[in-house]
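To keep things clear, I will list the structure first and then write my remarks on it.
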Amino acid sequence: MPFPTLQTLSIGERLRPPRVTGLADSSEAKPVPASADVAVVGAGLIGLSIAWRLARCGLAVAVFDRGTAGDGASFAATGMLAAAAELEPGGEDLLALCLESQRLWPTFRDDLEAASGIPIDYRDEGTLLVALGREEVERLRFRHDLQSRAGLSARWVSGPEARAIEPGLRPAVTAGIFCPEDHQVDPRCVIQALRQALLKSGGDLVENASAVIDQAGGRIAGVQVGDNFCRAPVVVVATGAWTATDDILPAGLTVPVRPLKGQALALRTDPRLPALTHVVWTEDVHLAPKADGRLIVGATVEERGFDAAVTAGGLYALLEGARRALPSIEEMEVEAVWTGFRPTSDDDAPIIGATPLDGLLIATGHHRNGVLLAPITAKAVEELVTRGEASGAAAGFALDRFPPGGSIQAENHGGFR
Ligand SMILES: Cc1cc2nc3c(=O)[nH]c(=O)nc-3n(C[C@H](O)[C@H](O)[C@H](O)COP(=O)(O)OP(=O)(O)OC[C@H]3O[C@@H](n4cnc5c(N)ncnc54)[C@H](O)[C@@H]3O)c2cc1C
């Protein structure tokens, strides 16, 4: 199987899936299956990972997406598996979940590449966080103390050591933290691979199919797509940032998830002469080199609802943030720019588990970590479906940690990553 060839993208165009030749044809409209053991609503990284895992257990799984698989937040993601770099004060429970998923990733990759025949550009060089100037060093030191207290293997490096790891960085880089376990994948390839693996496992994927929950007698009955029904005793809602906004959920069920806008862009480099060989974070941006030569620069963090506009301010901030660390970006071609909507819950952690409606499960709110958390989420949902409860860290991330009817406490702030 050749490595997926990328489409040519222009400024302003949404990021589209890579073209992959030789796959099972999924372009024709699929009928809605009359029944399934499990119906999954939403075919992003989370819904597809869950569906593939359940299909591998021998269950009849049908996945519905109102658009094209992956075309939500998942294609917008950079693909960092950054448990250590993402650690925030008070984030110990989430860290446990992130680390558990990070440990699952190598097996997830092996199984997925074997099942689909599609390489997913898993790169295991680690992540380098850098400080530019004295004030940033102090903040980076705080971050490193936090990581050390959490038992992470993040290593403090001097400016010269950071530049030895990444020689293209400016001399203004005065210190860094090297996170040896924070790797990355290409989410677009992961989506294609999941899609293919699901179909090969006998799962159904129905696109352009807006689904709503169907219930009867106080429990789940399946999903409704237009005039069609798919009967299913278990339904998993994995609709990302749209979970609380569409009429997907039964009346009275509140899920505190909102869209958190992120703008990002891709620069073109020569893959034989990469500008970077590790993921690099500054306070302003992250820079992620991909095997095909793209250098992803991301991402803004904006409370703007579902406003998909790519703005001059967003692009300017991303490019300036990148240039502060890596001067060679000035010569690079801008290949694509895009916007995505992180599904963000009131406590920035995912919501995985049962709901008050019998048979209805939920897997959403993955915020900035949906790629990282896809394997653990899929495992947890498989356990919920087959055994009735999730094991390990995932058990603590159910919907019932929020007050019933919990409101969305969005602050109107801007920022990065
Ligand atoms: C710019 C940016 C960079 C990011 N970088 C990273 C990163 O480096 N690492 C990381 O781990 N995470 C990252 N993330 C976060 C990550 O992208 C998300 O957490 C993850 O993609 C969420 O996946 P999902 O499947 O829940 O949602 P989505 O991918 O949004 O999928 C939800 C799907 O549900 C469908 N849907 C909605 N309503 C219905 C309906 N009624 N019926 C049927 N289908 C419906 C939508 O069409 C959509 O396809 C980033 C996000 C952004 C925006």
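The values are calculated or read from the model by the stated rules, or taken from the named source; none is laboratory data. None of these values were measured; they are calculated from a predicted model. Every residue, glycine as well, gets a Cβ built from its backbone with ideal geometry; the counts of neighbours run over all protein chains shown.
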Problem - Qualifying residues in the stretch 89-110 (those that are without any contact (Cβ under 8 Å) to a residue 12 or more places away in the chain and of a type in the set (D, E, K, R)) - the one nearest to residue 151 (Cα to Cα) - result: 103
Problem - Residue among 168, 151, 217 that is surrounded by fewer than 19 Cβ atoms within 10 Å (Cβ to Cβ), modelled with pLDDT under 95 and out of contact with any strand residue (DSSP E or B) (no Cβ under 7 Å at 6 or more places or on another chain) - result: 217
Fill in the blank from the handout: residue 199 meets each of (1) touching a residue at least 60 places away in the same chain (Cβ under 8 Å); (2) more than 30 Å from residue 230 (Cα to Cα); (3) away from the ligand (no atom under 16 Å from the Cβ) with one exception, condition (2)
Fill in the blank from the handout: If you go through 281, 242, the only one that is within 13 Å of the ligand (Cβ to nearest atom), farther than 30 Å from residue 208 by Cα and modelled with pLDDT of 95 or more is 281
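Please state which one of 272, 294, 304 is farther than 27 Å from residue 356 by Cβ, free of Cβ contacts under 8 Å to residues at least 24 places away in the same chain, more than 9 Å from the ligand (Cβ to nearest atom) and among the basic types (Lys, Arg). So that I can check it myself, show each step before the final result.
Working: 294 fails: free of Cβ contacts under 8 Å to residues at least 24 places away in the same chain; 304 fails: free of Cβ contacts under 8 Å to residues at least 24 places away in the same chain.
Being farther than 27 Å from residue 356 by Cβ, free of Cβ contacts under 8 Å to residues at least 24 places away in the same chain, more than 9 Å from the ligand (Cβ to nearest atom) and among the basic types (Lys, Arg) holds for just one of 272, 294, 304, which is 272.
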Problem - Residue in the stretch 313-320 that is touching a residue at least 12 places away in the same chain (Cβ under 8 Å) and of a type in the set (Ser, Thr, Tyr) present - result: no
Practice task
Determine which single condition residue 376 fails, assuming it passes every other condition in (1) β-branched (Val, Ile, Thr); (2) in contact with an Asp or Glu (Cβ under 6 Å, 6 or more places away or on another chain); (3) free of Cβ contacts under 8 Å to residues at least 40 places away in the same chain.
Solution key: (3)
Practice task
Kindly provide the set of residues from the stretch 341-374 that are surrounded by fewer than 24 Cβ atoms within 10 Å (Cβ to Cβ) and assigned to a loop (DSSP other than H, G, I, E, B), ordered by number.
Solution key: 346, 347, 348, 349, 355, 356, 357, 359
Fill in the blank from the handout: Exactly one of 233, 289, 259 is crowded, with 24+ Cβ neighbours inside 10 Å, modelled with pLDDT of 95 or more and not charged (D, E, K, R), and that residue is 259
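When only residues in the stretch 379-405 that are in a loop (DSSP other than H, G, I, E, B) and touching a residue at least 24 places away in the same chain (Cβ under 8 Å) count, which is farthest from residue 93 (Cα to Cα)? Write out each step before concluding.
In the first step, residues of the stretch 379-405 are kept if they are in a loop (DSSP other than H, G, I, E, B); the result is 388-391, 397-398, 402-405.
Applying the additional criterion that residues be touching a residue at least 24 places away in the same chain (Cβ under 8 Å) yields 390, 397-398, 402, 404-405.
Working: 390: 15, 397: 9, 398: 13, 402: 15, 404: 22, 405: 23 Å.
Among them, the one singled out is 405.
If I ask for residues that are more than 7 Å from the ligand (Cβ to nearest atom) and closer than 16 Å to residue 246 by Cβ, which ones from the stretch 40-51 would you list? Steps first, answer last, please.
So in the stretch 40-51, the residues more than 7 Å from the ligand (Cβ to nearest atom) come out as 40, 48-51.
Selection gives 40 alone.
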Handout entry: Any hit, the stretch 35-46, residues being assigned to a loop (DSSP other than H, G, I, E, B), of a type in the set (Val, Ile, Thr) and modelled with pLDDT of 95 or more
Key = no
Fill in the blank from the handout: If we keep only residues of the stretch 76-95 that are on the phi < 0 side of the Ramachandran plot and of a type outside the set (A, V, I, L, M, F, W, C), then the residue nearest to the ligand (Cβ to nearest atom) is 78
Fill in the blank from the handout: Per the filter on the stretch 258-284, residues closer than 19 Å to residue 346 by Cβ and either in a loop (DSSP other than H, G, I, E, B) or touching a Phe, Trp or Tyr at 6+ places or on another chain (Cβ under 8 Å) (or both) are 259, 260, 261, 262
Practice task
Could you tell me which numbered condition residue 255 fails, if it satisfies all but one of (1) touching a residue at least 60 places away in the same chain (Cβ under 8 Å); (2) outside any loop (DSSP other than H, G, I, E, B)?
Solution key: (2)
